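**Q** Structure in structure tokens, see below.
Each reported figure results from applying straightforward, stated rules to the coordinates on display, with no laboratory input. Everything numeric in this text was worked out from a predicted model, so none of it was measured. Methodologically, a virtual Cβ is constructed for each residue, glycine included, from the backbone with ideal geometry; neighbour enumeration extends over all protein chains shown.
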Amino acid sequence: SQTIHQWPATLVQPVGSPLSLECTVEGTSNPNLYWYRQAAGRGLQLLFYSVGIGQISSEVPQNLSASRPQDRQFILSSKKLLLSDSGFYLCAWSLWDRKNTEAFFGQGTRLTVV
Amino acid sequence: GQQLNQSPQSMFIQEGEDVSMNCTSSSIFNTWLWYKQDPGEGPVLLIALYKAGELTSNGRLTAQFGITRKDSFLNISASIPSDVGIYFCAGRVVDYKLSFGAGTTVTVRA
């Protein structure tokens, strides 16, 4: 069965520091991968998605970037964190064929920028 | 992305009650999904709907894909305390992205 791992679960970082969040998927090949951010009490905002290695689409211009160095690995990064980067970050995967559209989420990373 | 309007924004439930929430869109969707998120966790898929008019159940949960393809509802029957959480609807048009509603927060009435 497929599983998705996201780490770390919690992170407190000072303003101006770099960020690297990692997400890996097991049990499937060539998944579509997504990074979402959820502000406190809010919905899910799509940040990046990837349909293949090295292919990244950005939804919202901002202080963050994403990379997909391997088929089942998706990384969210920042060179210098801002206070406004605080939030709950979620990685998700889907196979996205004509029949299957479901996206499955990781456990999330709670990022607090101080 | 497409705008999804989810309502109500929040609700209080009493154990044993039936509750209902819905999502509407100005765009036609090919797929409607319903997720539940517990505090500090990632959303978990509850029900997936692929055909207009489709009515699907998962235990005490029932969801329907509206005939117009612009709306969907989720019903929870005989609610229990563990039903608390945030429920999200999500819809897909034709590309690789899902649009999510803002969520309905369900809380137990004291």
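**Q** In whole Hz, with x marking every Gly and Pro, tabulate ³J(HN,Hα) for the stretch B:81-87 from phi via Karplus 6.51 cos²θ - 1.76 cosθ + 1.60, θ = phi - 60°.
**A** x, 6, 6, 5, x, 10, 9
**Q** A follow-up question, please. Please report, for the Cα atoms of the stretch A:28-80, the Rg to one decimal and the Dmax as a whole number; what are they, in angstrom?
**A** Rg, Dmax (Cα atoms, Å): 11.6, 34.
**Q** A further question on this structure: Charges at C-beta only: +1 for Lys and Arg, -1 for Asp and Glu. How large is the resulting dipole of the protein assembly as shown about its Cα centre, in Debye rounded to 20?
**A** Using only the charged Cβ atoms, the result is roughly 440 debye.
**Q** If one computes P(r) from the Cα atoms of the protein assembly as shown, what percent of pairs lie at distances over 25 Å?
**A** In whole percent, the share of Cα-Cα pairs in the protein assembly as shown beyond 25 Å is 40.
**Q** Given just the C-alpha atoms of chain A, how large is their convex hull per residue in cubic angstrom?
**A** 99 Å³
**Q** Given contacts defined as C-alpha pairs under 8 Å and at least six residues apart, what's the relative contact order of chain A, whole-number percent?
**A** After rounding, I find 35 percent.
**Q** Just need the relative contact order of chain B here, percent rounded to a whole number, with Cα pairs under 8 Å and 6+ apart.
**A** 37 percent
**Q** Let me ask another. Could you point to the residue in A:18, A:109, A:33 farthest towards the positive end of chain A's charge dipole, with +1 and -1 charges on the Cβ of Lys/Arg and Asp/Glu respectively?
**A** The one lying farthest along the dipole's positive direction is A:18.
**Q** Using unit Cβ charges (K, R positive; D, E negative) and no other charged atoms, how large, in debye to the nearest 20, is the dipole of chain A about its Cα centre?
**A** For chain A, the charge dipole is close to 200 debye.
**Q** Follow-up question, since we're still on this one. Which one of B:103, B:84, B:66 has its Cα pushed farthest toward the positive end of the charge dipole of the stretch B:65-110, where Lys and Arg give +1 and Asp and Glu give -1 at the Cβ?
**A** Going by the Cα projections, it comes out as B:66.
**Q** Still on this structure, I have one more. Test of understanding: what is the full-extension gain from residue A:2 to residue A:107, defined as 0.36 nm times their sequence separation minus their Cα-Cα distance?
**A** Stretched fully, the residue A:2-residue A:107 segment lengthens by 36.4 nm.
**Q** What value in Å³ per residue do you get for the convex hull of the alpha-carbon atoms in the stretch B:1-61?
**A** With only Cα atoms used, the stretch B:1-61 gives 128 Å³ per residue.
**Q** Shifting gears a bit: Could you work out the percent of alpha carbon pairs in chain B separated by over 18 Å, rounded to a whole number?
**A** I get 44 percent for the Cα pairs in chain B exceeding 18 Å.
**Q** Taking K and R as +1 and D and E as -1, what net charge do the other residues with C-beta under 14 Å from the C-beta of residue B:79 add up to?
**A** -1
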